[in-house]
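Below you'll find the structure, written out as structure tokens, and then a few comments.
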Amino acid sequence: SHPPLYPPGIKCGGVLSAPFGNFSSPNFPGPYPYETECTWLIVVAEGSSILLSFSHFELEYHAACAYDYLQVYNGAARDQGNLLGTFCGHSRPPPFSSAWHVMAVIFRSDRHVAKHGFAAAYQKDACGGQLTGLSGEITSPRYPESYPNNAECRWSIGGAGGSGPLTLVFADFQVEGGQGCGFDYVALFDGLTASAPHLGRYCGSTRPPRIISSTPHLLILFKSDFNIGGRGFKAYFYSAGECQEVFTAIKGNFSSPRYPNFYPNNLKCQWSIQLPPGYRIKVFFLDVELEGRSSLTGSCDYDHLSAFDGGTENGSLLGQWCGRESPAPITSHSNQLLLVLHTDRNTAKRGFSIAYVGVVPMNVSCTRTDFQIQIPVQSLAQLERNRIYLGTPSCAAQVLGGNFKIHTRFDTCGTESQKRNNTSVIISTLYIDFSRGDQEDIHQYEVQCEPKRKEASVTLIAGPDPSRISQAENLVDTQQWGGGAADTREIKSQDTSDIIFISICILAGLLMVIAVVGLVLL
């Protein structure tokens, strides 16, 4: 027999605000009705969390759960950044622990094939559960109030598409201490169960070190005995790879998790760029779309991307962005730069895409007749000297005293004279060839000298992936000018006007000669 269409008089979904409770699909344990959509919003006291578990689960199966499905949201529904998972078929969803005091569950059936549905239970402030996001927060029960006695909590992290190791950072820690941590403690395991390798056992008031698993799974066990408690702990976890990366290559690019799809909520992701000493780092923002500014403060109070000079958040802030922006490129003052993405618990957007390039450290000077260029060998340690040349490969660098050196006269090595801003300057191009195998990667720097003042400057005119990065970007601060298309046009117009002026002078001279000859003949 066919299941009935859903009777309109019976309530489907609703707001669940008791400290604990149960709910199920319509008509459970009988077949659920066709063409039904139910939304349950679980709301408990602010500062609390929710543990959701399923005792029965049977929905129509589809590989992408496109027919009948159940969705669980960490917060209000319909925000893709909060989606914890979409489920169908016969496999029970794991228990879920919310990151805050709201959780939503949506059940949807189509017009064909009905199964028995599901039964679920929730509990406020029950500790432990399955955490499957790319990042999240874990706190001891009742944190920051004193945790209860005789507590035992297990958090199993991982398993939602993350394939890299997990990092766990404790922001706060105060647990009853004792010899060997035998009373209250937090134990960490490198896997799904307590039989996995032990990563540490911690108690007292000293924060545990940053923990990095060797697998995509991490088990956290918290136990308290019958007396003496403490404030407990607060910890963040995040998946390496999409959310935590270190770059050491001279150039690279990266994007927010799941880009160009919506990024998850409750993230704190870090990308660290670490180049050899002497380098600086220029960052290009190819695309930025985050949650917008606060209407109250006008600041990036919700989701934001921050850049710090150096390797930590203690470095000087180079910029902070949110909303739909097109930030200008930024340059570090040192050889390290840190980018941090914070997202809050709702409203996700497309995210960002970024490219960076290392600015090669070099010293360029000139006299009235010569260019001198020096680059520390350690900055280009993997390159042979013939990969660094001025104008043509025949003007390759020499290695002298720990430096690649090029010392050449203005009348060699593709050097030419130009006029810029009505000033005569000498121009040439320095090539640094980072190519490997079939991958061509040649950086071009324009070196420029004003001979009268003996002032030199250098500008990157073609870096990696010029189709995505403007070739006119100045990657080295110049003392006088930045080379670019506008300069080229100015030079051409200047040259043309000079030619016209000279032509007029020659024509006037010829006319005068003809006139003088005419007078003599007369």
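The values are calculated or read from the model by the stated rules, or taken from the named source; none is laboratory data. These numbers were taken from a predicted model, which means no experiment stands behind them. Note that each Cβ is placed from the backbone with ideal geometry, even for glycine, and that neighbours are counted across all protein chains shown. With ligands, DNA and RNA removed, areas are computed over all heavy atoms of the protein, side chains included. Shrake-Rupley method; radii C 1.70, N 1.55, O 1.52, S 1.80 Å.
Listed values, structure above:
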| item | result |
| --- | --- |
| Separation of the Ala194 and Lys419 label points, Cα + 7 Å toward Cβ, nm | 8.6 nm |
| Estimated dipole of region 190-330 in Debye, rounded to 20 [Cβ of Lys and Arg +1, of Asp and Glu -1, Cα centre] | 380 debye |
| Tyr302 accessible area, assembled protein chains, probe 1.4 Å, Å² | 90 Å² |
| Whole-angstrom gap from region 255-290 to region 334-375, using each part's C-alpha centre | 12 Å |
| Quarter of the Cα convex hull surface for region 284-359, i.e. its orientation-mean projected area (nm²) | 5.3 nm² |
| Phi-based couplings in Hz for region 361-368 (Karplus 6.51, -1.76, 1.60; Gly and Pro marked x) | x, 8, 10, 10, 9, 8, 10, 6 |
| Reduced Cα scattering model of region 346-457, Debye log10 I(q)/I(0), q = 0.12, 0.15 Å⁻¹ | -0.48, -0.68 |
| Debye intensity ratio I(q)/I(0), log10, region 114-255, q values 0.10, 0.15, 0.20 Å⁻¹ (C-alpha model) | -0.39, -0.77, -1.19 |
| For region 171-252, convex hull of alpha carbons as volume per residue, Å³ | 115 Å³ |
| Using θ = phi - 60° and Karplus 6.51 cos²θ - 1.76 cosθ + 1.60, couplings along region 426-432 (whole Hz; Gly, Pro as x) | 9, 10, 8, 10, 9, 9, 10 |
| Those lysines that a straight Cα-Cα span of less than 27 Å connects to Lys124, excepting residues fewer than 8 apart in one chain | Lys11, Lys223, Lys234, Lys268 |
| Translational D in µm²/s for region 229-299 (Stokes-Einstein at 4 °C, 1.567 mPa s, Kirkwood Rh from C-alpha pairs) | 84 µm²/s |
